[in-house]
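S.K.: Here it is: the structure, laid out below.
The values are calculated or read from the model by the stated rules, or taken from the named source; none is laboratory data. Just so it is clear, the structure is predicted and the values come from calculations on it, not from any experiment. Here the Cβ positions follow ideal geometry from the backbone for every residue, glycine too, while neighbour counts run over all protein chains shown. To get the accessible areas, we keep the full protein, side chains included, count just its heavy atoms, and leave off ligands, DNA and RNA. Shrake-Rupley method; radii C 1.70, N 1.55, O 1.52, S 1.80 Å.
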Amino acid sequence: MEQYKQEFIEFMVDCEVLKFGDFVTKSGRKTPFFVNTGFYRTGTQLRKLGGYYAKAINEKYGTDFDVLFGPAYKGIPLSVATSMAMSEMYGKEIKYCSNRKEVKDHGDKGILLGSPIQDNDRVVVIEDVTTAGTSMQETLPIIKAQGNVDILGLVVSVDRMERGQGTKSALNEIEEKYQIKTTAIVTMEEVIEHLYNREYKGKIIIDDTLKAAIDSYYEQYGVK
């Protein structure tokens, strides 16, 4: 596993973005782990986060694209931080764009904020995490309504590696349905590999009991 992936896993733990316990996902699944990017709250944290996303994007798509689209609301700071990191790390000016939940009818009218999207723009979508792929159903029509654009793919922070709405993983379903590439900074398999029965800052994050709960979750929702 690459060094930056190991650092990112520990970064999520430090920021309390990656949590273990009893949670319910947006898709209604009871899960023993949860990723909440709303816990990245400081400038330093967002700068680091943008750098991790930028590395994952560069590995998968390179820097030859035009717009980084972050769906409201959590995608807004992700797109801003990552576009800044792309400039700092790779010297590439990537425009950021997000949607408004409500269309603005005065001043700067419309549904988008940040850069407009134009014909022939190559777009990468950035999100926090995808469980069942529902958000992409809302996001892609917004982007495609702006013109004849090329949507290259989707990048998320963590691939939960569970079924979407069918038998395949959510990211694989998105790839097949929309004919785009998907990638993640890390997968849950990598998270478990790095944290299971390993002491980090004086404590074991994933012990045998928690590992059993995660295994049980994947028995129910994992990709067969």
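S.K.: Roughly how many nanometres apart are two label points built 7 Å out from the Cα toward the Cβ at residue 203 and residue 42?
M.R.: 1.9 nm
S.K.: Check which residues have an amide H placed less than 5 Å from residue 31's amide H, if you skip close sequence neighbours.
M.R.: So residue 31 has HN proximity to 23, 24, 25.
S.K.: Pairs 55/144; 55/92; 26/74; 60/101; 26/48; 19/60: which exceed 18 Å Cα-Cα? Don't skip to the end; give the middle numbers.
M.R.: Values: 55/144 26 Å; 55/92 13 Å; 26/74 14 Å; 60/101 29 Å; 26/48 26 Å; 19/60 27 Å.
Pairs exceeding the cut-off: 55/144; 60/101; 26/48; 19/60.
S.K.: Given the range 1-130, what whole percent of its Cα pairs are spread farther than 18 Å?
M.R.: Everything past 18 Å amounts to 58 percent.
S.K.: Over the Cα atoms of the range 141-183, compute the convex hull volume and normalise it per residue, giving Å³.
M.R.: Dividing the Cα hull volume of the range 141-183 by its residue count gives 78 Å³.
S.K.: Enter the accessible area per residue of the range 3-221 (Å², integer; probe 1.4 Å; all protein chains in place).
M.R.: On the way: 10540 Å² over 219 residues.
Result: 48 Å² of accessible area for each residue.
S.K.: For the range 21-142, what's the relative contact order in percent, using C-alpha pairs closer than 8 Å and at least 6 residues apart?
M.R.: 26 percent
S.K.: Within the P(r) computed for the chain, what percentage of the Cα pairs occupies the region above 33 Å?
M.R.: Within the chain, distances greater than 33 Å cover 16 percent of Cα pairs.
S.K.: With each pseudo-label sitting 7 Å past Cα toward Cβ, what's the residue 111-residue 72 distance in nm, one decimal?
M.R.: Roughly 1.1 nm, to one decimal.
S.K.: Which helices, taking whole DSSP H runs in the chain, have alpha carbons extending 20 angstrom or more along the helix axis plus mean Kyte-Doolittle at least 1.0?
M.R.: Flagged H segments: there are none.
S.K.: Would you mind finding the longest exposed-site-free stretch of the chain, with exposed GluC sites (Glu not before Pro) meaning DSSP loop and at most 14 other Cβ atoms within 10 Å? Kindly include the intermediate steps, with their values, before the conclusion.
M.R.: Working: sites that count: 2, 16, 93.
Counting only loop sites that pass the neighbour cut-off, the longest clear stretch is 94-224.
S.K.: Turning to a different aspect of this structure: Run the numbers on the chain and let me know its relative contact order in percent, using alpha-carbon pairs under 8 Å that are six or more apart.
M.R.: Normalised by residue count, the contact order of the chain is 17 percent.
S.K.: Would you mind telling me the share, in percent, of accessible area of the chain contributed by carbon and sulfur at probe 1.4 angstrom?
M.R.: Carbon and sulfur: 47 percent of the exposed surface of the chain.
S.K.: If you don't mind, there's one more thing I want to ask. Contour minus end-to-end for residue 93 and residue 64, with contour as 0.36 nm per residue of separation and end-to-end as the Cα-Cα distance?
M.R.: Stretched fully, the residue 93-residue 64 segment lengthens by 9.5 nm.
S.K.: Quick one: Debye curve from the alpha-carbon atoms of the range 98-224 only, equal weights, vacuum; give me log10 I(q)/I(0) at q = 0.09, 0.14 Å⁻¹ to two decimals.
M.R.: Summing over Cα pairs of the range 98-224 leads to -0.37, -0.73.
S.K.: So what's the net charge close to residue 59: Lys and Arg +1, Asp and Glu -1, counting the other residues with Cβ under 13 Å from its Cβ? Mind showing how you got there, number by number?
M.R.: Numbers: positive: 5, 55, 60, 181; negative: 2.
So the surrounding residues net to +3.
S.K.: I want to check the label-to-label distance for residue 220 and residue 148. Put each point 7 Å from Cα in the C-beta direction and report it in nm to one decimal.
M.R.: Computed distance between label sites residue 220 and residue 148 equals 4.8 nm.
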